Amino acid sequence: MNERCAKTLTIMLALPALLLPAACLLYILFKGIPALDWAMLSGSSQDAAFGSISALWPQITGSLLLMLGACLLAAPVALGGTLFYALAANIRQRKALLGIMHLLVGIPPIVYGLCGLIVLVHMLHWGISLLTGMVILAVIILPMLLMNSVNAIKRIPSEKTAAARALGLSNGQLIRRVWLPAAWPALMTGLLLGMARALSETAPILFTATVFSGVSWPDSLFSPVTSLQTHLFYLAQEGANAEAVDIAWASAVILIILVTALSFGASALRNIRMNG
Amino acid sequence: MLNLWMRTSALISLLVVVVMLGFLLQQSWPYWQHDGLNPLLSGDWYPYEHLFGLAAAIIGSFWAALIALAIAIPTGLAAAVMSTEILPGPWRSLMRSGMELLAGIPSVVYGLLGLWILLPLLQSNLHLLTGHNLLAAGLLLSVMVLPTIMVMTQDALCEVSSHQRDTAASLGMGWSARLWRVLLPQAWPGIRSGILLALGRALGETMAVMLVVGSMDRIPDPWYNLLAPAQTLTSRIGREIGESAFGSMHFSALMACGLLLALITITISMLAHIRSDKISVNRP
Amino acid sequence: MQRISYFILAAVFLGAQAHDAAAVTLHAAGSTTVLPVVSTAAAAYHRQHPDVTITVSGGGSGVGIASMIQHTADIGMASREIDAEEAAKLNGKVDVLTIAKDAVAVVVSKAVYVGGVHQLSLRQIADIYRGKIKNWETLGGPDAQILVIDKEASRGTRHVFAEAVLGDAHARAPGASVISGSNNEEQALVAHSDQAIGMLSNAWLNDDVRGIAVGEGNKAIFPDIGHVRDSSYPISRSLHILLSKKGPPEAREFANFLLSPQGQAIVKKSGYLPVR
């Protein structure tokens, strides 16, 4: 009886955790899907006046560009850092590297935004631009990419590495022939999760990379963009304009679909790794 | 070539930290120099009168985070216990997927949900002048940090060895005694890390908080009044950063908010990291 | 792997660059009161001059002026005059062009208006913002507490309102219950409450957000364009755009477009008083 009591109590307490994901998702879909089709198809942001914004294509493009740029900048550094950890570092350096990564993970994204504002926007005179946003997002996802790939390399059985060494493989050959074939699903999983993260960050790019309207395709890396995340933020505040709020919900749906697709891709790859 | 790439990458990671903290300190230096640590005690923030007190925002940040934890810790722990100790295997991964879904929802979407569901609910049910307040921010944050606590607790519980579970069972301990005397104490270091990470996340969350907190620079009066609009460090930065000219005292004060936020969250994540380090050392 | 990623980065960069060599992107930022005019005009201007793209973002007059000081925008938008501190930083490097005029309306929720509050004197409004009057009943309205909406300190509407009502553009408002940012955010707050008072440009008035007459007895004036034109409404102002003296010539051409009959028609359509 006592046991059943305790279990019931636990389940009661846990109920919000069971219901919230479904409730949030269903509510967003319920609000967003009806607005989705015409929000996607009509007009372009150039033609739209304030408050009657339609067609989310420029925003989607902007978000994807920021995400891709961030990954392309962060991935080589993360991989290089991982190889340093695995091949060149002594124990103290390893500890220091992981310590720094833990430290970076803990810093709130908006602080990265502030630093980007000081260094990139003002000191390097990049202005409010696509490149600024890419670099800031790259720094934000760097620690998660690096820690993930360090774990991936650590998980390769040491016998494999030892065997390769015994065969006289150089570092480069070891990486190409042994490590990459064994670790690529894990590395890709990390990359996909990093992309999902870059796609959902809003605060750090709000005042460093994006503008409200007027961009369909950025002229250069030094032009600002529009993004789905920041667009959603602006529209969320337009409570008195029903149309804008509908589009905000539609943007939320698109954003969640993109992020979820990336996470699903990541878990699919994780399963390959486990089965393979 | 390989060597150069490796070393450059490692150096970049190190430089990022140095550059970030360095420039935050440099830019906020005029502010600290001007007033010392006095503004930490004052709640008056009037940029045009050159009054930059941080107390209201600091208190607001901590209140919001505390509310979030007060809700998320019991719920997250119960959910983790339920998924590992009560439900059969397939349900476990389903609950975990649910949590990962919740964790994947971008914060600005939570802001939208807060603005359109939470605020009207609070306003009409509690008969408030406005739903914009610390309670709203705390409730929203509790949903956002719930996955962190739940997932970390679940991992920690799964790592309690079956040997210990069997011993406890053979001693004739009941389900709840096993939970309280064996499982939770054994898993505590991991749970603690989860809670600290959640605290850091709650303190640093910007978009969702900014949309619902009301942005009033006022210390809650009386101190437990959570139903009035307030301010947090993050929402202050988010709201005012665009309008402060680079190099002005206002800009410097906002950078001080950022530096403070960075230092607090770094301390918290270091505490969490040291903890998790110890577990892995102790593990056979 | 690395080579591929750099190749892609280069391709993205070139793709962005290849858009049009002669294309110019101008960035406008600032007052959300001026934003609808500039945003609509930017779209119209882009149709006539496809090589000029104008991106627009909000943030408030403070942002508009700050971005001229920091050279982060080509066109600043402001719904107030530049104050002494800002003028010192701008150091005469910026031209101010007045493109329209409007009224800062004192707005109340529909329920308050219907409940009997149609006009307030400047003194009564000041008492509300100073926290001396807390209930609508005192003012002949329904028995409900007053939700006093203040604006962020650097907002143009805030400056103009505080100067007219409280006597100083930067005066504190101890009676305020909540702070809002953009016009849209404030409009939403007023519309979703039934006991609110706030300040908004006359272009944002609608059925849920009612402007009340300002003044004593039968001399009270409603905030409409006619009363801005004959200068009888006490809280009216000019809307400006700011151009850097050394800025791109295209920005100046766009400013001329705003002052042309076509631009002034957009001003009128947006709900403001044209200046030409």
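Just so it is clear, none of the values below were taken in a lab; they were calculated from the coordinates. Please read these numbers as outputs of a predicted model, since none were measured by experiment. Neighbour counts are summed over all protein chains in view; Cβ atoms, including those assigned to glycine, are modelled from backbone coordinates with ideal geometry.
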Could you check what % of the DSSP bridge pairs in the protein assembly as shown are antiparallel, to the nearest 5? 60
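Given 4 °C and 1.567 mPa s, how large is the Stokes-Einstein diffusion coefficient of the protein assembly as shown in µm²/s, with Rh as the Kirkwood radius over Cα pairs? Mind showing how you got there, number by number?
Working: Rh = 28.2 Å.
Once the numbers are plugged in, D ends up at 46 µm²/s.
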Listed residues B:SER161, B:SER170, B:SER83; largest mean-square fluctuation, Gaussian network over chain B with Cα springs below 10 Å, found at B:SER170
Determine the shielding of peptide B:143-151 by partner chains: average, over its residues, the number of Cβ atoms on other chains within 10 angstrom of each Cβ. 2
Out of A:ILE107, A:ILE256, A:ILE136, any idea which swings most in a Gaussian network model of chain A, alpha carbons joined below 10 Å? A:ILE107
The helix B:134-159 Cα axis meets the longest alpha-carbon principal axis of chain B at an angle in degrees, between 0 and 90 and rounded to 10, of 30
For helix B:249-282, report the angle its Cα long axis makes with the longest principal axis of the Cα atoms of chain B; keep it between 0 and 90° and round to the nearest 10°. 20
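Using a Förster radius of 22 Å, what is the FRET efficiency between C:ALA220 and C:VAL275 based on their Cβ-Cβ separation? Nearest 0.05, please. If you can, show how the numbers build up before the last one.
Values: r = 26 Å, r/R0 = 1.19.
The computed FRET efficiency comes out at 0.25.
Within chain A, which whole H helices from DSSP have a Cα span along their axis of at least 18 Å and a mean Kyte-Doolittle hydropathy of -1.0 or more, if any?
Details: long enough: A:2-41 (59 Å, 1.20); A:57-83 (39 Å, 1.46); A:91-106 (23 Å, 0.73); A:130-154 (35 Å, 1.93); A:180-200 (30 Å, 1.18); A:242-275 (49 Å, 1.24).
Going by DSSP H runs, the hits are A:2-41, A:57-83, A:91-106, A:130-154, A:180-200, A:242-275.
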Reduced to Cα centres, the span from segment B:234-248 to segment C:246-272 in Å works out to 29
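How much length is gained if the chain between B:LEU40 and B:ILE117 is pulled fully straight, taking 0.36 nm per residue apart and subtracting their Cα-Cα distance, in nm to one decimal? It would help to have the intermediate numbers written out before the result.
Values: separation 77, 0.36 × 77 = 27.72 nm, distance 3.43 nm.
Result for the pair: 24.3 nm of gain on full extension.
How many partner chain Cβ atoms sit within 10 Å of a residue's Cβ in peptide C:228-235, on average, as a whole number? Each step should come with its number before you reach the end.
Numbers: counts 0, 0, 0, 0, 0, 0, 0, 0.
What the average comes to for C:228-235 is 0.
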Describe numerically, in nm with one decimal, the distance between label points set 7 Å from Cα along Cα→Cβ at C:ASN206 and at C:GLU253. 3.6
Assuming a ≥ b ≥ c are the square roots of the Cα gyration tensor eigenvalues, decide whether segment B:1-155 counts as rounded (a/c under 1.5), prolate (otherwise, with a/b larger than b/c) or oblate. oblate
Sequence neighbours fewer than 8 away in the same chain don't count; with that in mind, list the lysines whose C-alpha is under 21 Å from C:LYS246. C:LYS89, C:LYS93
What's the whole-number percent of alpha carbon pairs in segment B:101-196 lying beyond 20 angstrom? 55
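List the GluC sites (Glu not before Pro) within segment C:193-273 that DSSP assigns to loop and that have no more than 15 neighbouring Cβ atoms inside 10 Å.
Values: sites: C:GLU216, C:GLU250, C:GLU253; in loops: C:GLU216.
Answer in residue order: C:GLU216.
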Please average, across the residues of B:69-78, the number of beta carbons from any other chain that are within 10 Å of each residue's own beta carbon, and give a whole number. 3
26 Å Cα-Cα reach of C:LYS132 towards lysines, excluding residues that sit fewer than 8 places from it in its own chain: C:LYS110, C:LYS151, C:LYS219
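Say R0 is 51 Å: what FRET efficiency, to the nearest 0.05, do A:LEU64 and C:THR138 get from their beta-carbon distance? Could you put the intermediate results ahead of the total?
Numbers: r = 55 Å, r/R0 = 1.08.
It comes out at approximately 0.40.
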Would you calculate the separation in nanometres between label points at B:ASP166 and C:VAL114, each defined as 7 Å from the Cα along the Cα-to-beta-carbon direction? 7.3
Sequence-distant aspartates and glutamates (8 or more away, or on other chains) whose Cα lies within less than 15 Å of C:LYS134: C:ASP143, C:ASP150, C:ASP194
Computed on alpha carbon atoms, what radius of gyration and Dmax characterise chain B, expressed in Å? 22.0, 70
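Would you mind ranking B:CYS158, A:CYS71 so that the residue whose beta carbon has the fewest other beta carbons within 10 Å leads the list?
Numbers: B:CYS158 13, A:CYS71 24.
So the ranking, lowest neighbour count to highest, is B:CYS158, A:CYS71.
Hey, with R₀ at 35 Å, roughly what FRET efficiency would A:TRP217 and A:LEU26 work out to, going by the Cβ-Cβ distance, to 0.05?
On the way: r = 35 Å, r/R0 = 0.99.
It comes to 0.50.
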Roughly how many Å is it from the Cα centre of segment C:132-202 to that of segment A:151-200, as a whole number? 60
Summing +1 per Lys or Arg and -1 per Asp or Glu among the other residues with Cβ less than 12 Å from A:ALA89's Cβ gives +4
Let me know the Rg and Dmax you get for segment B:113-266 when you use only its Cα atoms, in Å. 20.9, 69
If each part is reduced to its alpha-carbon centroid, segment C:36-85 and segment B:172-222 end up apart, in Å, by 43
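As a footprinting exposure proxy, order A:LEU180, B:LEU261, C:LEU97, A:LEU258 by other Cβ within 10 Å, with the fewest listed first.
Numbers: A:LEU180 13, B:LEU261 27, C:LEU97 17, A:LEU258 20.
Ranking A:LEU180, B:LEU261, C:LEU97, A:LEU258 by Cβ neighbours within 10 Å, fewest first, gives A:LEU180, C:LEU97, A:LEU258, B:LEU261.
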Gaussian network model of chain A, springs between alpha carbon atoms under 10 Å - residue of A:GLY62, A:GLY133, A:GLY32 with greatest fluctuation: A:GLY32
So if I average 1/r over every pair of distinct C-alpha atoms in segment A:56-275 and take the inverse, what Kirkwood radius in Å does that give? 18.8
Measure of compaction for segment A:156-276 (Cα Rg per 2.2 N^0.38 Å): 1.58
When all Cα-Cα pair distances of chain C are considered, the percent exceeding 31 Å is 34
